[in-house]
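Reviewing the structure listed below.
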Amino acid sequence: MNNITILTLAETLKGLKEKKFSEEELNNAYLEKIYNLNKKLNIFLEIKKNARGIPAGIKDIISTKNIRTTAGSKILSNYIPPFNATVVDRLLKHDVSIIGKTNLDEFAMGSSGENSAYGPTKNPWDVTKVPGGSSAGSAAAVAADLCVFALGTDTGGSIRQPASLCGVVGLKPSYGRVSRYGLIAMASSLDVPGSFTKSVADARLILDWIAGPDGFDSNCAHLEGESKPKPREHSLREASFRGVRVGVPKEYFEKGLDPKVEKIIKDAINKLEELGARLVEISLPHTEYAVATYYIIMSSEVSSNLARFDRVRFGSNREDFGAEPKRRIMLGTYSLSSGYYDDYFAKAAKVRTLIKKDFDEAFEKVDVIVGPVSPTVAWDFGEKMKDPLMMYLSDAYTVPASLAGIPGLSIPCGFSDGLPVGLQILGKFMDDEAVLSVGEAYEQATEWHIKKPQL
Amino acid sequence: MKIDVKKVAKLANLPLTSDEEEKYSQQLSKILDYIEQLNKVDTSKVEPTYNVSGQKNIQRADEIGECQPQNDAILNAPQKKEGFFSVKKILDNE
């Protein structure tokens, strides 16, 4: 069969079952593409030649047993994990094989993919543009059809934003839905593993495979009471799309949003209305404080998590951290230090409560919230590298959901100047299904997700 | 906002070159200026959020299970000795 590599995960599973192609043919087709394109795009840091399994890309911050895992950092250039992350183990049980480890911003810190110690990944739609970050390689790998799907991690937008900039489906599940065991920790109250796929149905399937407690992540546990994940039957999946209440936050359409992107997002929202959704204008009044809040909380947790790289158990010297991890370690250490803790870390933690409350109140009126993922399409290499604050501000629409721990999806919804634009769909805490249902309804009514870059 | 980069680097156990000190001093001051805007938010009656999962004190039975073999556990150690991590002495006097 020709064009095996354009198939979604669901189509690939069907093709294998119906013996239209073998697992060996499947793997060879992807490996051939990787050999043709990896040099150009710099997506894989490590390539594994398998003859069996469904080939998936794994972000190189997710531990893979006996496969080098660098976190995109020089400090871990020789690190070989002696165990698999839970998400990897669960995929392997479903006949998935690792075709390669994908490039990323160092320790998942960045919004462009340029912070990797192993060189930047290129955007498959235009190799002069960034792919977004931090899960740069995972997003680009799926966009360029170099794997069936890929895993990434999202701390402040690191799945949704590169998915948007590369034109693929990216799902950040609710915080605690999927175990973090085996992720090299960045900011522990925010880190969430998730997927990059060629369809929303694939994202749902992979969430089904990887979600649920493993006994190694205390935030990923079913408990009696309010925080228990909602059973599937209460979700929108079985219900008709008609009448679904879609919230449109006015704060996501204010200054900073590129007018061309705004037009595409508004068209997508109108499409949802056409499909039967009821649009509700809402307000998330603390949105403007989200970036400041996020950068304090995240960097504080970073400074604590990255203290373990002390050259005793693994890794090289602390001088080997790149510029962005160093910057965040410094910012976090400052925020937590004596005399500044109350003004920075504690203050940010309180504003986080208000940001979360904005969402809680909004979700009393709506089922999902929609808006842009990124204020612009993919930008030029180097454009924001000299000004860290400018880079941070590109996370304005993704960090609020991270602070609130709610699920978020990016799905392809159009192009501006030939570059993909993603629609963000946010849901209630633990109602990942609602987000997927709305995404799927939109996807089935449009053809953006089947467009492919010319490579 | 002025930040004492030398002091913070020491607290963070992060060796910086003088060029880096200069660069981070400027960049972090700019970032901290931006963060100042949080002071506009009245949080006098707001509790902090450190965790959004709603979980606390997760417990399990204390049972013997499989664990990492010793050699695997120290596989990546830059320096090891007789199956253990080898670390620098941190006390001057014994």
Rounded Å value of the spacing that divides the Cα centres of the range A:131-205 and the range A:8-34: 22 Å
Partner lysines for residue B:2 [C-alpha distance under 30 Å; skip if fewer than 8 residues away on the same chain]: A:255, A:326, A:347, A:350, A:384, A:386, B:10, B:23, B:30, B:40, B:45
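In peptide B:73-82, how many Cβ atoms from other protein chains are near each Cβ within 10 Å, on average? Walk me through the numbers before you get to the answer.
Working: counts 3, 3, 7, 9, 5, 8, 2, 1, 0, 0.
Mean inter-chain Cβ contacts per residue within 10 Å come to 4.
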Karplus (6.51, -1.76, 1.60) ³J(HN,Hα), θ = phi - 60°, over the range A:193-203, in Hz, Gly and Pro reported as x: x, x, 10, 10, 9, 8, 7, 5, 4, 5, 4
Residues of type lysines that residue A:101 reaches as a straight line, Cα spacing below 17 Å, ignoring anything fewer than 8 places off in the same chain: A:33, A:39, A:40, A:48, A:49, A:59, A:65, A:74, A:122
Inter-centroid distance (Cα atoms) of the range A:254-301 relative to the range B:1-79, Å: 28 Å
Placed amide H near residue A:416: partners under 5 Å, 5+ positions off or other chain: A:421
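So for the protein assembly as shown: antiparallel DSSP bridges make up what percent, rounded to the nearest 5? Present the calculation step by step, with values, prior to reporting the outcome.
Values: 34 of 51 bridges.
Beta bridges within the protein assembly as shown, antiparallel portion: roughly 65 percent.
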Given charges at beta-carbon only (K, R positive; D, E negative), |dipole| of the range A:1-116 in Debye: 200 debye
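Hey, can you rank A:381-390, A:6-15 by average C-beta count inside 10 Å, highest first? The partial results should precede the final answer.
Values: A:381-390: 14.9, A:6-15: 17.7.
Peptide ranking by packing, descending: A:6-15, A:381-390.
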Set of aspartates and glutamates with alpha-carbon distance to residue A:19 below 13 Å, sequence-local pairs under 8 removed: A:11
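Taking the Cα centre of the range B:32-94 as origin and charging only Cβ (+1 Lys, Arg; -1 Asp, Glu), how large is the dipole, in debye to the nearest 20? Each step should come with its number before you reach the end.
Working: 8 positive and 11 negative charges, 11 e Å.
Using only the charged Cβ atoms, the result is roughly 60 debye.
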Per-residue mean of C-beta atoms belonging to partner chains within 10 Å, peptide B:5-11: 4
Charge dipole magnitude, Cβ of K and R +1, D and E -1 - chain A, Cα centre, debye nearest 20: 840 debye
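Would you mind giving the mean number of other chain beta-carbons within 10 Å of the Cβ of each residue in A:128-137, as a whole number?
Numbers: counts 0, 0, 0, 0, 0, 0, 0, 0, 0, 0.
Whole-number average of other-chain Cβ neighbours for A:128-137 is 0.
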Full-extension gain in nm, residue B:44 to residue B:21, via 0.36 nm per residue minus C-alpha separation: 4.8 nm
Mean Cβ neighbour count within 10 Å, used as a protection proxy, ranking A:311-322, B:44-55 highest first: A:311-322, B:44-55
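Read the figures in this text as sums done on the coordinates, not as results from a lab. Remember, it's a predicted structure, so these values are computed and weren't measured experimentally. Positions of Cβ are backbone-derived with ideal geometry, glycine not excepted, and every protein chain shown enters the neighbour counts.
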